[in-house]
Amino acid sequence: MADCPPDKTGSFVPPREMAKKVLNALRLKGKIPTVFILLCANVVNNIVTFAVNVLLAKSVGPEKFGIFSLAVSLMLMVHFIFDIGLNLTLVRFYNIYQKDRGYQQLLLTSLLVLRFAILAFLLIGSFIVAPVLTRMFDLPPMYSPLVVIAIVTGGVLTLWVYFQSYMQARGKFMRLSSHILGYAGLRILFLVLLFFSAADPSDLTLTLAALYSLPAVIIVLISIVPVCFRVLDLRSLFRQNIISPLKEVLKYSKWVALASISYNLILRAIQFVLALRTSTYELGILSAGFVFTVAFSTLNMAIRAVFFPHVTAFEKIGDMKAYYAQIKAIGPYYVFFAVISIGLLALVQVTLLGHEYTKALPVFLITAGAFSLVIFLGLWSMMVHTFMHPEIDAIVNIVRLVAACVLAYVLSPRFGAVGGAFAYALPLVLGEFFMVVYVRKLLHGQ
């Protein structure tokens, strides 16, 4: 599509006017301002994550930073696996049953009960599997408590995500943004206490608890307790048939879960492969490179949080085609934004991390380039859920995960962190292209 396509009179539209038309087309009933609000909240939260990673990387060195990254990866892996795709499924089914308030309430109740059951299971199981995982990754026994905290925190995060999905489904984006900012504020408080007090950041167990576990527990208590009073009716809870909605949700959710788990495990699996095939130094380099790729992840989270309910609510093929065309129109502007952003972030990375992390620069350039492309293509590919084909997303992400593990296993011994970055980028981009092609075929009835 040309940068300045002709208008109805045959003349070419100036770039500035084209930009205005594109932005007006993409407002989608006020979605752009909402994306911006959520983006700002997520940016603040991820700036805190960025600060944590930079300060810790510089204070403890690549080897210990690699161990800490391994613990964080385990925490997130537990979260992704035991979320079982219910975050997106909750939003999807809440919209489907918007005319049946009673069933909506039963749906919210059953999913919240399930979350608490999962947390209890992880709390007990963490003490059993922690020593096994510590030995598997050849870590000293002193890191067993670190593994326990990582697993339990992953369970706590499933409750935090339930609250986010609950607010997203009900369209309460301002309240959701305020809670995300509150979570970021808690992390800032503990960050200051950790690095500017007598505490020792090299105590990785203390650091993980302070920067991830305690803020997560506090924000869950603040957010979930009011929701429990609204959703859970303890007097009628045991008289309600919460199994029926769970069966219906899990039937759809199994595909969403496979897609979500596989997608989010790609980076974590690569990190585990590097830990087994190379060294904690190379793992630290890979993790440092991804510190700056998080900027694009933040944008992706905000866009999907707002656009997913809207896009999956399309019922007419004409609306879907119009949306597809609107996204296509912003392509050149997005490319310009992505290139400038990657260049600026690369300069910041070189400046902040210094000579010790020089090898992290190509890791960032490879992964950020891939992720920025996937974000744009994802605006189209999320329509597989509009067509109610979550199995396509699941199959693609399973193939991505397997391909990434194989590539990392083959490339990491020779190329180290850079090989891990390539193993992440290639399956990610190819998988997204495939889903966009599939969506195009559905749109044109092929």
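If you take the Cα Rg of segment 15-443 and divide it by 2.2 N^0.38 Å, with N the number of residues, what do you get?
Values: Rg = 21.4 Å, N = 429, 2.2 N^0.38 = 22.0 Å.
Cα Rg divided by the expected 2.2 N^0.38 Å: 0.97.
Evaluate the relative contact order of segment 15-443 (contact order divided by residue number), counting alpha-carbon pairs under 8 angstrom at least 6 apart; express in whole percent.
RCO, segment 15-443: 25 percent.
Label segment 257-370 by shape, choosing from rounded, prolate and oblate, from the square roots a ≥ b ≥ c of the eigenvalues of the Cα gyration tensor; if a/c is under 1.5 it is rounded, and otherwise prolate applies when a/b is larger than b/c, oblate when it is not.
oblate
FYI, it's all coordinate maths here, none of it is from the lab. This one's a predicted model, so the numbers in the text were calculated from it and none came from an experiment.
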